[in-house]
Amino acid sequence: MSAKLRRSLALAVLLITAVAAPLVAQQTGRVQGTVVKAEDGQPIGGVTVTVLGTGIATVTGTDGAYVLQRVPGGQHTLLFRWLGFEPHQEAVTVQGGATATVDARLAPQAISLGEIIVSTASRTPERVVEAPAAIAVVDPITLRNQAVTAQVPRALHRIPGVDVVQSGMNDFNVNSRGFNSSLNRRVLVMQDGRDLAIAFLGAQEWNAMSLPLDDMARMEMVRGPGSALYGANAYSGVINIMTPPARDVVGTKITLAGGELTTFRGDIRHAGVSPDGRFGYRFNLGYNRSESWSRSRTALDGSDALSEYCPPSATGCDQVADSNLVVGVPSCQTIPGDCLSVEQRPLNGQTTDAAGIASGDPDDLQNMYGSVRFDLYQDNGSIITAEGGATQVENELFVTGIGRVQVTKAIRPWARLAWNSDNYNVMGWWAGRNSIDPQYSLGTGAPLEESSNIFHIEGQYNRSFAEDRVDVILGASYRNYKVDTERTLMASANDDRSDNYYSGYGQVELWPAAEVRIVAAARVDGGTLFETQFSPKGAVVYTPHPDHAIRASVNRAFQTPNYSEFFLQVQALADPRPATLEAGVQQYYATLQDPLVVGPLLAGAMAGLGLPSDLPWDFAAQTPVMALGNENLDVETVVGWEVGYKGNVADNAYVTVDLYLNQLENLVTDLLFAVNPTQFPQFDMEAGLTVPIDDQLAIIDGILAGAGLPADHLLRATNAQLAAGYGSLAANPALTDLLGVGRAIYLSYTQAGEVEEKGIELGFGYGFTPEFRVDATYTYFDFDIKEPGDLIPGQNIVPNTPRHKGTIALTYTGLQGFDAALNAKLVEKHDWNAGVFAGTVPANQLVDINLGYRVNNSMRVFAMATNLLDQLNFQLYGGSVLGRRVLGGVTATF
């Protein structure tokens, strides 16, 4: 750790200690009680109980009971609030050292958007209808229902405009408003203010969470640019996961679950408070194990990938996608080249024979986590929190730009220290990732290492003026990244590096009238890897009625290239066939009937293709596909214009409408057949543009035939793929020796100059009764490349997002303890192009079901089926084919 970083962390600790020192002690008491339904006296869990005018709040347990510790003496008002019930207030007089009992009975009420409180859009609590952004809340019931899967992104399915794409068991890519990808990082994901992204890739490792879904207090998602308050990578949105303080979950909770794919899950949480209510603690431990839908793709004839993606009647690796096995379509679609590239390494636990056929059972996916939290509750309502934890993940498979990568064993430790009060928030956190055992590129079999650390400190000040008609937020942060891949993912010159980020931000909110809110915000970010960025934001919210609001806003956001996009240097794929191109070309040349005549002609043809004519060529034993970073990438920016409406259109119905127009500049693509000419001036993708593709393929066919190689060999396939993307372009300028490793085919990142996105996001909910309701969403998306930027003419990029998609959900919450939910997700067929995987994702209509029964106040049994109809499908091209999974379990609280 550098001296500068040590000084910064020491300053943060001193600041927290000094500012958060207990104020002059005052007499405090305790308030407790039970919250029940007015009609039948059944307890209500999850009700928020707040002491108005203070920062003191808690949540009722499954038995409806609550306890408020260290409430200042005097007269107070308690507010009881929970979605689906009328807000209720009760007066209480608190005496020092005494306990007051206040029970409440809540009457059912149709869902009112005006009663939902959010904090992510403005970094301060506000009613959702008044939020200056498109924001949605994932309620605790949804989190509870999805907890058995241990898959956090599944809780986001019902938010309009959100893409939740799954491969394997825990490999998810979450995005909003277009241009999803493998290892997507355009949405910032935080837990209690801590960035959950991997340092090297900037993307999420969702199975590394150290807390189960049902122990999260709430989850909010802001869609659209958010850099004005959150900085880099809040490009398409922000997901904010909030966890409860220890005093809100006092007691012990144990969950045991299992089901198909030999799934087993166990979680335990214990929380308590000291007798005087000043100190609280919470411990979480968990273990999860299951098989996966992922399969090895090592058969040399390509039959593994063919059988996974296509029906039994299909032959040859040119048959891909749209199979009747996958989606009920009677035939495969034919595209040039290999359907899914043959991989060099099987899944962990399997072995291969001479034909590449994998045998044995893959090792189970496993993850273990533990976390601990300590809270110190101040008399003025502020909380000092110290917490930390770690998650160990094993055998998870991820789809990346260079192909599939399997994590053998890695650990994700973290720690956080924070002080939160009404006007000040100070926080410091650290997050690491270390490969205990190497992770492997299945395409090449190469081991990949990563050791990384992120250090972050941040402070924020909030204040209201002019009788709460003016709100001001000011903040600043510092972050340090340390990344070391031991030269397995980056070259020596760029590896084992340390980089700094700095930022300052502010926001002003004005209420010129009771119905009008004006918001202006701006942020400045700088760092060692990118030029200083300015991110402004402006919004106007008009609320003619407490349950109706119209919003207009404009935001600028940015995304910095990650370490992979800047500095990647790794082999992505290898040609698995035994013969070499060098030997084939030499044999073909040597067997010419008249070398003196034909030789110069062949040499001329090769020169026209960009191939060197001086034999022998310097090929490696196998022709590799190399993936390179681009050190000259610019920061990717977006300016988003939005209008929206939120409101209750009737006592039992709500509607949300959001329309947006985004203008993207310097859009960073996934890996394409291109190389940065500034880094490698000897590489010329423009060479040979006038050579017709048929002439290219004819000459290559002759070379392949002379070598005894099949016509679908990697060289020919790559040439055809390049031609499909670029038109009449010789593939062979890519067959150069840029890195001194022999001739190779090169992929790299490039940028589109200007792209325009536009879309509509609709949400609707209707309550037939207080117990039974329906919710639905619809999303439309479109885009247009206005300026190609660095794209080669004819080069194609796609948003990896369907034009149309939607969801529908039916939920029932009975008065006798029974609950059920039926969720359907409908996605239109769309193209996918991310790194080495390019193809078509078929349309799919997936149905999930949740069932639960509360046996008593302490025990609940539940069951869930994902993909209930067992519709085999893949959600990103190159990802695993997914099937049905049925799980069940029991939760007990004490």
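Taking other residues whose beta carbon is less than 10 angstrom from the beta carbon of M427, and scoring Lys, Arg as +1 and Asp, Glu as -1, yields 0. With R₀ set to 35 Å, the beta-carbon distance separating I760 from V472 gives a calculated FRET efficiency near 0.55. Between the beta carbons of N856 and F772, assuming R0 = 22 Å, the FRET efficiency works out to 0.40 to the nearest 0.05. For the stretch 118-145, the residues whose backbone nitrogen is under 18 Å from a point 7 Å from the Cα of V516, taken along Cα to Cβ, are 130-132. A protection proxy built from the mean count of other Cβ atoms within 10 Å ranks the segments 500-511, 658-669, most packed first, as 658-669, 500-511. Place a point 7 Å from the Cα of D363 along the Cα-to-Cβ direction; which residues of the stretch 385-421 have their backbone N under 18 Å from it? It comes to 391-399, 404-412, nothing else.
Translational diffusion coefficient of the stretch 175-296 (Stokes-Einstein, Kirkwood radius from Cα pairs, 4 °C, 1.567 mPa s): 77 µm²/s. Taking other residues whose beta carbon is less than 9 angstrom from the beta carbon of S441, and scoring Lys, Arg as +1 and Asp, Glu as -1, yields +1.
Find how much the distance from Y780 to F534 grows on full extension, using 0.36 nm per residue of separation minus their present alpha carbon separation; answer in nm with one decimal.
Stretched out fully, the Y780 to F534 stretch lengthens by 85.6 nm.
Between Q42 and D301, the contour length at 0.36 nm per residue exceeds the alpha carbon distance by 86.9 nm.
Find how much the distance from Y812 to L376 grows on full extension, using 0.36 nm per residue of separation minus their present alpha carbon separation; answer in nm with one decimal.
Full-extension gain reported as 153.1 nm.
In this structure, W641 and T77 have a Cβ-Cβ separation that, at R0 = 35 Å, corresponds to a calculated FRET efficiency of about 0.25. With kT/(6 pi eta Rh) evaluated at 10 °C and eta = 1.306 mPa s, and Rh the Kirkwood radius from Cα pairs, the stretch 333-487 diffuses with a coefficient of 81 µm²/s according to Stokes-Einstein.
Among residues other than P108 with Cβ under 9 Å from its Cβ, the summed charge is -2 (Lys and Arg +1, Asp and Glu -1). Each principal axis of the Cα atoms in the stretch 431-525 has its own extent, and those three values, largest first, are 64, 25, 22 angstrom.
Per-peptide packing, taken as the mean over residues of other Cβ atoms within 10 Å, places 405-418, 178-191 in the sequence 178-191, 405-418 from highest down.
FYI, it's all coordinate maths here, none of it is from the lab. Everything numeric in this text was worked out from a predicted model, so none of it was measured. Neighbour counts are summed over all protein chains in view; Cβ atoms, including those assigned to glycine, are modelled from backbone coordinates with ideal geometry.
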